[in-house]
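Chemist: Below is the structure I would like to discuss, written out as structure tokens.
The values are calculated or read from the model by the stated rules, or taken from the named source; none is laboratory data. Fair warning: this is a prediction, and the values are worked out from it, not measured in the lab. Virtual Cβ from ideal backbone geometry, glycine too; neighbours counted across all protein chains shown. Note: accessible area is taken over every heavy atom of the protein model, side chains too, but ligands, DNA and RNA are not part of it. Shrake-Rupley method; radii C 1.70, N 1.55, O 1.52, S 1.80 Å.
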Amino acid sequence: MSAVTAREHAIADRLYARRRFGNALAVVLAVGTALFGLFFLGWILWTLFAKAVGGINWALFTQMTPPPLQEGGLLNAFFGSAVMCAMAIGIGTPLGVAAGTWLSEYGKARKAGTVVRFVNDILLSAPSIVLGLFVYTLIVMQTGGNFSALAGAIALAFIVLPVVVRTTDEMLQLVPVQMREAALSLGVPQWKVIIQVLYRSASAGIVTGILLSLARISGETAPLLFTAFGNQYWNSNVLQPMASVPVVMYQYAGSPYESWQQLAWAGAFVLTVFVLLVSLSARALLLRNKISND
């Protein structure tokens, strides 16, 4: 009896030692991978800051994009990016919220809902340059090759749309069923339940999805090359070509002029800071909503 017990203890000790070794190896690999990623992230950010610090000045935000060998700023590019991103959010958000609401509340048990979710996932992972070419064919070519900020905003809206659809669908599904049943049992119409109960409960998550989509489109270059194209001058007409920070960065980074390269690095730094602030705002909003619910 004691021999069997000793043998069982020996087997258990070997299994325990093997599991400890496997756990330690997994921890080392996980930490090493995390440090590897953080190292290159820090390297990229430090390079960006070192290259851009010389171009961060008041002129960057108050002067237009300059001709070669002259000083200037990115005022028209900042304005163009703000206009097109705002228009894209304005187009994509209502459609995305409506589609996500239908998926969550009406199409959950329907085959059409499954098809819509599948198509939305494809659109979510579609390369942005493909969306830009689609809008180029759909709008720019049909208007005689007229590039415009409106076409650029529509291309960006195709990027916003699937993100908002997915976020709205998931956030509404997280709302407890009891809240729906309680409201419906009082005789409240379903559309009122959605607006007054579900949207209020899921508002933080939906707004977070909108902010994340804004952070994503703010750095998109490829769709704007085929739609908004770019403009070296100030333009507030959305039916004409308009400058944007990503396109200016793309053009200036590959130029032989040092002043243009400096502006490209400065624009990249400002864009990175903007994306960071938007991402932090989204996380802070989710955290505040979680704390208030707890």
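Chemist: So, residue 147, is that one of a type outside the set (Asp, Glu), part of a helix (DSSP H, G or I) and at pLDDT 90 or above or not? Let's see the steps before the verdict.
Modeler: Details: of a type outside the set (Asp, Glu): yes; part of a helix (DSSP H, G or I): no; at pLDDT 90 or above: yes.
No; evaluated as a whole, the condition is false for this residue.
Chemist: Mind checking which pairs have a first residue in segment 104-121 that is assigned by the TED database to the domain that holds residue 167 and a second that is open to solvent by less than 60 Å² (accessible area, probe 1.4 Å) and of a type in the set (S, T, N, Q), Cβ under 8 Å, 6 or more apart or different chains?
Modeler: Going by the 8 Å Cβ cut-off, the qualifying pairs are 104/168.
Chemist: So the check is Cβ under 9 Å with 6+ separation or different chains; which pairs have a first residue in segment 172-201 that's assigned by the TED database to the domain that holds residue 99 and closer than 14 Å to residue 106 by Cβ and a second one that's among the aliphatic types (A, V, I, L, M) and surrounded by fewer than 17 Cβ atoms within 10 Å (Cβ to Cβ)?
Modeler: 190/184; 193/179; 193/184; 198/179
Quick grid of which residues meet (1) open to solvent by 70 Å² or more (accessible area, probe 1.4 Å); (2) over 20 Å from residue 207 (Cα atoms); (3) not in a helix (DSSP H, G or I):
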site: 68; (1), (2), (3): no, yes, yes
site: 76; (1), (2), (3): no, yes, no
site: 80; (1), (2), (3): no, yes, no
site: 88; (1), (2), (3): no, no, no
site: 101; (1), (2), (3): no, no, no
site: 135; (1), (2), (3): no, yes, no
site: 159; (1), (2), (3): no, no, no
site: 164; (1), (2), (3): no, no, no
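Chemist: For segment 166-194, how many residues meet the condition of being basic (Lys, Arg) and either surrounded by fewer than 10 Cβ atoms within 10 Å (Cβ to Cβ) or over 25 Å from residue 120 (Cβ atoms) (or both)? Please lay out each step first, then the result.
Modeler: Step one: list which residues in segment 166-194 are basic (Lys, Arg), which gives 166, 180, 192.
From the residues that got through so far, the ones that are either surrounded by fewer than 10 Cβ atoms within 10 Å (Cβ to Cβ) or over 25 Å from residue 120 (Cβ atoms) (or both) too are 192.
Selection size over segment 166-194: 1.
Chemist: OK, next. With respect to residue 73, is the statement that it is assigned by the TED database to the domain that holds residue 233, modelled with pLDDT under 95 and among the small types (Gly, Ala, Ser) true?
Modeler: Numbers: assigned by the TED database to the domain that holds residue 233: yes; modelled with pLDDT under 95: yes; among the small types (Gly, Ala, Ser): yes.
Yes.
Chemist: Follow-up question, since we're still on this one. If only one of 107, 92 is on the phi < 0 side of the Ramachandran plot and outside any helix (DSSP H, G or I), which one is it?
Modeler: On inspection, the qualifying residue turns out to be 107.
Chemist: Still on this structure, I have one more. Is it true that some residue in segment 30-48 is within 23 Å of the chain's Cα centre (by Cα), in a helix (DSSP H, G or I) and in contact (Cβ under 8 Å) with a residue 12 or more places away in the chain?
Modeler: yes
Chemist: Let me ask something else about it. Any idea how many residues of segment 240-260 are touching a helix residue (DSSP H, G or I) at 6+ places or on another chain (Cβ under 6 Å) and either at pLDDT below 90 or open to solvent by 30 Å² or more (accessible area, probe 1.4 Å) (or both)?
Modeler: Taking segment 240-260 as the starting set, the residues that turn out to be touching a helix residue (DSSP H, G or I) at 6+ places or on another chain (Cβ under 6 Å) are 242-245, 247-249, 252-253, 260.
Subset that is either at pLDDT below 90 or open to solvent by 30 Å² or more (accessible area, probe 1.4 Å) (or both): 249, 253, 260.
Within segment 240-260, residues that are touching a helix residue (DSSP H, G or I) at 6+ places or on another chain (Cβ under 6 Å) and either at pLDDT below 90 or open to solvent by 30 Å² or more (accessible area, probe 1.4 Å) (or both) number 3.
Chemist: Looking at this structure, is residue 207 in the same structural domain as residue 129 (by the TED database), touching a helix residue (DSSP H, G or I) at 6+ places or on another chain (Cβ under 9 Å) and open to solvent by 20 Å² or more (accessible area, probe 1.4 Å)? First the steps, then the outcome.
Modeler: Details: in the same structural domain as residue 129 (by the TED database): yes; touching a helix residue (DSSP H, G or I) at 6+ places or on another chain (Cβ under 9 Å): yes; open to solvent by 20 Å² or more (accessible area, probe 1.4 Å): yes.
Considered against the rule, which asks whether it is in the same structural domain as residue 129 (by the TED database), touching a helix residue (DSSP H, G or I) at 6+ places or on another chain (Cβ under 9 Å) and open to solvent by 20 Å² or more (accessible area, probe 1.4 Å), residue 207 comes out as yes.
Chemist: Let me ask something else. Determine the pairs where a residue that is under 11 Å from residue 60 (Cα atoms), located within segment 249-266, has a partner that is open to solvent by 30 Å² or more (accessible area, probe 1.4 Å) and assigned to a helix (DSSP H, G or I) with Cβ atoms under 7 Å apart, the partner being 6 or more residues away or on another chain.
Modeler: As it stands, the answer is 262/54; 264/249; 264/253, since those pairs meet every condition given.
Chemist: Which members of segment 49-66 meet the condition of being in a loop (DSSP other than H, G, I, E, B) and of a type outside the set (Ser, Thr, Tyr)? Don't jump to the end; show me each part of the working.
Modeler: Residues of segment 49-66 in a loop (DSSP other than H, G, I, E, B): 56-57, 63-66.
Correct list: 56, 57, 63, 64, 66.
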